[in-house]
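Participant: The structure that follows is given in the form of structure tokens.
The values are calculated or read from the model by the stated rules, or taken from the named source; none is laboratory data. Note that the coordinates shown come from a computational prediction; the quantities given were computed from them, not determined experimentally. Here the Cβ is made from the backbone with ideal geometry for all residues, glycine too, and neighbour counts use every protein chain on show. All accessible areas refer to the heavy atoms of the entire protein, side chains included, with ligands and DNA or RNA removed. Shrake-Rupley method; radii C 1.70, N 1.55, O 1.52, S 1.80 Å.
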Amino acid sequence: MDAQSYHPVPPGVGTEENFLSLDDILLSHQRLPVRTECAFPRLGFLDRSSDSEDLPEGTKMELPLWLSKGLYERKRRVLSVELPKVYKEGWRTVFTADPNVVNLHKMGPYYYGLGSQMLHFDSPENPDIAQTLLQTFIGRFRRVMDSSQNAYNEDTSTLLERLDCLEKALFQNENDLLPASKYY
């Protein structure tokens, strides 16, 4: 019998979210750079750098993903979400050149999850972001799987600290599939 007090719930896929998943809860608290497109009365407390009671139009600040998605409307511009730097053109070029050299955990532990959530917001760069996410995953997948299958032969701690949460889950799942006799 499994004595684990918490049974992991898998995260949602793509733009879907699973609110029972700890990973999705943590992902939804990732902060995004935003700019207000209209004034917000009595919400000045959201901007820590201001003493005003109201939040004026054009205010730049960071809000969690869940709040940004809630305030974002395509028809009525209330809020515009700017791309985090890791999804901008300069970083996309680095990922295209060699995705294995990048420490995704340092860039944000939910690189793939946040990137897929960024596609929720209208941006002319969405097709490029989606393509970069896919190519980065494909480019790093072989190394993650090879390292996972050879985990008993080498120290994988330096690799694991550079992986996104999705890649860590793949690594762990691959290790769980290995026969027990392989460890002896």
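Participant: Given (1) open to solvent by less than 20 Å² (accessible area, probe 1.4 Å); (2) among the hydrophobic types (A, V, I, L, M, F, W, C); (3) touching a strand residue (DSSP E or B) at 6+ places or on another chain (Cβ under 7 Å), identify the lone condition not met by V86.
Facilitator: For V86, the failing item is (3).
Participant: State whether the residues of region 162-173 include one that is more than 21 Å from the chain's Cα centre (by Cα), exposed (fewer than 14 other Cβ atoms within 10 Å of the Cβ), modelled with pLDDT under 90 and not charged (D, E, K, R).
Facilitator: No, region 162-173 contains no residue that is more than 21 Å from the chain's Cα centre (by Cα), exposed (fewer than 14 other Cβ atoms within 10 Å of the Cβ), modelled with pLDDT under 90 and not charged (D, E, K, R).
Participant: Return the total of residues in region 25-39 being under 11 Å from T59 (Cβ atoms) and part of a strand (DSSP E or B).
Facilitator: Number satisfying all stated conditions: 3.
Participant: Check D155 against each of (1) more than 30 Å from A39 (Cβ to Cβ); (2) assigned to a helix (DSSP H, G or I) and name the one condition it does not meet.
Facilitator: (2)
Participant: Report, by residue number, each residue of region 94-116 that is assigned to a helix (DSSP H, G or I), within 10 Å of the chain's Cα centre (by Cα) and under 16 Å from V144 (Cα atoms).
Facilitator: First pass over region 94-116, keeping only residues assigned to a helix (DSSP H, G or I): 94-97, 99-101, 104-107, 111-116.
With within 10 Å of the chain's Cα centre (by Cα) added as a condition, the list becomes 104-105, 107, 111-116.
Result: L104, H105, Y111, Y112.
Participant: Conditions first: (1) part of a loop (DSSP other than H, G, I, E, B); (2) open to solvent by 50 Å² or more (accessible area, probe 1.4 Å); (3) of a type in the set (A, V, I, L, M, F, W, C). W91 passes all but one, so which condition is the exception?
Facilitator: Among (1) part of a loop (DSSP other than H, G, I, E, B); (2) open to solvent by 50 Å² or more (accessible area, probe 1.4 Å); (3) of a type in the set (A, V, I, L, M, F, W, C), the lone unmet condition for W91 is (1).
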